[in-house]
Structures are given as structure tokens and as C-alpha cells.
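Contents: one structure, followed by commentary.
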Amino acid sequence: MSFFNSIGRSMQRAPRPPRRSTTPTSATFPSTENLPPATPTSPSAPKPLYLCSPFVEAALVKGNFKTIVMLPKYADVMEWVACNIFDFYQNINLFYGVLAECCTQQTCPTMSAGPNLNYTWINQDRKSVQLPAPTYIDYVMTWVQNLLDDENVFPTKSGRDFSPNFPSTVKHVYRQLLRVFAHLYHAHYQQILHLRSEGHFNSLFAHFLAFGKEYELLEVKDIKGQPGAPVGVGSLWEKWKEMGILES
Ligand SMILES: [Zn+2]
């Protein structure tokens, strides 16, 4: 959405919040700076199940997601983005709550999202560190929950405006939630299938991608890889574009 994005571009970057200790119950502010580029998937790697039929087509709804991401008439774009981020967070949190018992320091010692793709966390000393996936995801979810609870970031009372930093903040949120999706698809798709939730999960992710694309919240370099070689869920996104589920 050009209106929303034009605000985002015109605003300065969000100031860094006060430093917090890096413990499993708190989150440092995820940085988008100095991240290593996504590494392309090895050509010899087997095709992940989520790209295979019939799973790639599994969905709760048929058709294109464009209509459900459009800004409703008379709705404020900030309000619309805030509501949707809240819903995406709640839904991912529910999925992760169910899958968490399979995502441990032993099964997932890194925040992996593909054969050669591990996301790193920028710690309070601005160092890029590898974290076990459950720790990484806990940091993300705690950080987002704290933002959602913060009236200065997600105002809920009438008469309170969104901060000028809101567009920049939600882009950070989107980037981290995308990584959580990427890890769950890569490392826990078997469990999603076991729960027969692939239709729910695909629909949630397709909605998330469509919304992110519409309001320019997605930073695709995490899943883009080299030209012509998308990594992890980047391949799923490409596939859904081919299938007409998502806009190209
Ligand atoms: Zn995991």
C-alpha cells in the first residue's frame, strides 16, 4: 500500500530501545543490520515435503488472497495493519504452542530454515550469534508480545495516535515472524502434517505473505537466496505465485 509505505520511507529509523538482558524471558531488539545473506539451498538437497503435492495445495480457502488483504473502506491503514499483525502473531503463537514440545535445544540447536540457512540473532553487544531455535523464537515472541502490550506502539485507546516509528517497527516484527514461519516449515512440517494442520498453516502463511506484500512489510532477502535459487519458504512463495494463490 503506497500510502502506508510512503510514511514508512519518510520516517527516520526507530531509535534503539534501552538494552535488556538476553534471557529466555526477554528479547533484545532484533536488528536488520549486518545480517548475512541467505545461502542458497544445495541443488542436491531433497525437495521439502511442503513443496510436494498434495501438501503444497492444501488450504482452507480456495482462490487468491488479494481480497482479504485490501484495506476496508473507511478503515485507517495503521489500524488495519496493527489488527492484522495482532492476528498473525496470535495464530503463529498458537501453532508454536502446539509444536514447541518438538522444538528443543537438542532437535533444533540453531534457528534453521533450510539445509544451509540459519538465522542469527543480534545480541545486545551488536554481535551476530547462533541461538537454539526455541530460544530464538522465545525472544521473538516475547519481544512482539511486549510491543503489542505497549500503548505507545500499538495504541488501543481513542484519541491516541500511532507513533511515526510504527511502520519501521512493524517491518521488524514482520521480518522476525517470517523467520518463525520459515523454521516451522523447514524443521517441523512433519508434525504439522501429523496434526493434519497443513491446510490451516498454509492458509495462514499465504495470508501473511499476501498482506506483507500489499503493505510492503516483507523483507525478502531472508528467503530470496541467489537469483533463481530461492531458499526455504522462498520456494513455497514462488510455487504459490505460479499456482495463482499469490500475486507475483
Ligand atoms: Zn524447531
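The values are calculated or read from the model by the stated rules, or taken from the named source; none is laboratory data. A quick note: this is a predicted structure, and the numbers were derived from the prediction, not measured. As a convention, Cβ positions derive from the backbone with ideal geometry for all residues, glycine included, and neighbour counts pool all protein chains shown.
Observations on the structure shown:
- Meets criteria (surrounded by 20 or more Cβ atoms within 10 Å (Cβ to Cβ), closer than 25 Å to residue 220 by Cβ, within 16 Å of the ligand (Cβ to nearest atom) and of a type outside the set (Val, Ile, Thr)) for residue 166: no
- Residues (within 15 Å of the ligand (Cβ to nearest atom), part of a helix (DSSP H, G or I) and either modelled with pLDDT under 95 or farther than 18 Å from residue 223 by Cβ (or both)) located in segment 123-150: 134, 135, 138, 139, 141
- Any hit, segment 181-196, residues being part of a helix (DSSP H, G or I), among the hydrophobic types (A, V, I, L, M, F, W, C), modelled with pLDDT of 90 or more and more than 15 Å from residue 51 (Cα to Cα): no
- Subset of segment 105-122 that is in a loop (DSSP other than H, G, I, E, B) and within 20 Å of residue 177 (Cβ to Cβ) - its residue that is modelled with the lowest pLDDT: 120
- Inspection of segment 192-205 finds a residue satisfying the criterion of being under 21 Å from residue 65 (Cα atoms), more than 16 Å from the ligand (Cβ to nearest atom) and of a type in the set (A, V, I, L, M).
- Residue count, segment 198-248 (criterion: surrounded by fewer than 17 Cβ atoms within 10 Å (Cβ to Cβ) and of a type outside the set (D, E, K, R)): 9
- Residue match in segment 94-104 (condition: of a type in the set (Asp, Glu) and either within 16 Å of the ligand (Cβ to nearest atom) or under 26 Å from residue 186 (Cβ atoms) (or both)): yes
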